[in-house]
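Contents: one structure, followed by commentary.
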Amino acid sequence: MSKYDPLWAYIRENGRDGFMLTFDEIAAIGVPLDHSFLNYKKELTAYGWRVGKISMKAQTVTFEKTDPQ
């Protein structure tokens, strides 16, 4: 079990092919981002998604479906 499981579940249930979340929105899901996110983001590929751009300036993370249908 990963500490990012609540975020991965939210992403899987989103229903879109790609979207952006702010750091605050991710924290509201129950998973405040920290440096470990850079290592854990690889887990998302098992669910058919990947982390796109991480913007420290805008404090956003883009998520993209790897197999859009």
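All of the numbers you see were taken from the coordinates with simple rules; none came from a lab. Keep in mind that what you see is a predicted model, and the values were worked out from it rather than measured. No Cβ is skipped: glycine too gets one built from the backbone with ideal geometry, and neighbour counts run over all protein chains shown.
Within the shell of other residues whose beta carbon sits under 15 angstrom from the beta carbon of D24, the net charge comes to -1, with Lys and Arg scored +1 and Asp and Glu -1.
Ranked by the mean number of other Cβ atoms within 10 Å of their residues, highest first, the peptides 51-59, 7-15 fall in the order 7-15, 51-59.
Run the Debye formula on the Cα coordinates of the chain, all scatterers equal and no solvent, and tell me log10 I(q)/I(0) at q = 0.19 1/Å. Log-scaled intensity ratios, in q order: -0.69.
Using only DSSP helix segments of four residues or longer, with each worth -39500 (n - 2.57), what per-residue ellipticity at 222 nm results for the chain after dividing by its residue count and rounding to 500?
Numbers: 3 runs with 19 residues, N = 69.
After summing the helix terms and dividing by residue count, I get -6500 deg cm²/dmol.
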